[in-house]
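Enquirer: The structure's right below; bear with me while I get my questions together.
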Amino acid sequence: MDLTTIYKEYSDKIKEVFGEDRKIVYGDGNTNADIMLIGEAPGRFEEEQGKPFVGQAGKNLDEFIDILEIKREDLFITNVVKVRPYKINEKTGRKVNRAPNKKEIELSLDTLLKEIEIVSPKIIVTLGNTPLKALLGDVKIGDVHGKLIEYNGRFIYPLYHPASIIYNRSLYDVYIEDLKNLKKYIKSNC
Ligand code: URA
């Protein structure tokens, strides 16, 4: 199995379920990385550029990278759901981002698990609840953020999603503290 094969399978599945017109945003970066970052789903800018974590999310990613003192090339970056979940704003008729639903997550999980096996990172950093729950089931981010969790011979390191804590100063401080602890772990293990 390689990424090209599993992404082709995903694309076929998405076409079958949602039709031809959904753009897929595949994982991006170093396919031999020790660190894999998993977000929720692409938004408008990711869909436009065909790349995860661009636009505002890319700025959040820059901060993440700065604190860890790594480069984007040191990461493999992907999302649980690889098509943009959207709804139509009835007033403007425009697409707006929404959280992925159960069906989209279930449809995408197998591809995510295969990505993990193929890239084989030492540490998987999950951003927010969607990737955390997709991999570990019924856990709460508030209970496990900033803790290393053993996962099939690797570790998961859950973080709050930076987009969700922008307006919450105390959670933002927790996020930064968790990142600083992650940096220590990476320095001695990756
Ligand atoms: N952009 C992504 O690619 N993933 C997220 O989770 C948020 C924004």
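Enquirer: Roughly how many nanometres apart are two label points built 7 Å out from the Cα toward the Cβ at Lys103 and Asn152?
Expert: Distance between label points: 2.6 nm.
Enquirer: Here's a follow-up. Of all beta bridges DSSP finds with both residues in the chain, what is the antiparallel percent, to the nearest 5?
Expert: On the way: 9 of 23 bridges.
Bridges in the chain are about 40 percent antiparallel.
Enquirer: Oh, and also: Based on the Cβ-Cβ distance of Lys187 and Ile65, what FRET efficiency does E = 1/(1 + (r/R0)^6) give at R0 = 22 Å, to the nearest 0.05? The partial results should precede the final answer.
Expert: Working: r = 14 Å, r/R0 = 0.66.
My answer for the efficiency is 0.95.
Enquirer: When only alpha-carbon atoms are used, what values of Rg and Dmax, in angstrom, describe the chain?
Expert: Every Cα atom of the chain included, Rg and Dmax give 16.1, 53 Å.
Enquirer: Still on this structure: Compute the length gained on full extension between Ile88 and Lys13: take 0.36 nm times their separation in residues and subtract their Cα-Cα distance, giving the result in nm to one decimal. List each step's numbers first, then the result.
Expert: Working: separation 75, 0.36 × 75 = 27.00 nm, distance 2.33 nm.
Full extension from Ile88 to Lys13 adds 24.7 nm.
Enquirer: Using the alpha-carbon centroid of each, what span in Å lies between the stretch 158-175 and the stretch 21-63?
Expert: Using only Cα atoms to place each centre, the spacing works out to 19 Å.
Any read-out appearing in this document is the output of simple, stated calculations on the displayed coordinates, not a laboratory observation. These numbers were taken from a predicted model, which means no experiment stands behind them. Every residue, glycine among them, receives a Cβ derived from its backbone with ideal geometry; neighbour counts consider all protein chains shown.
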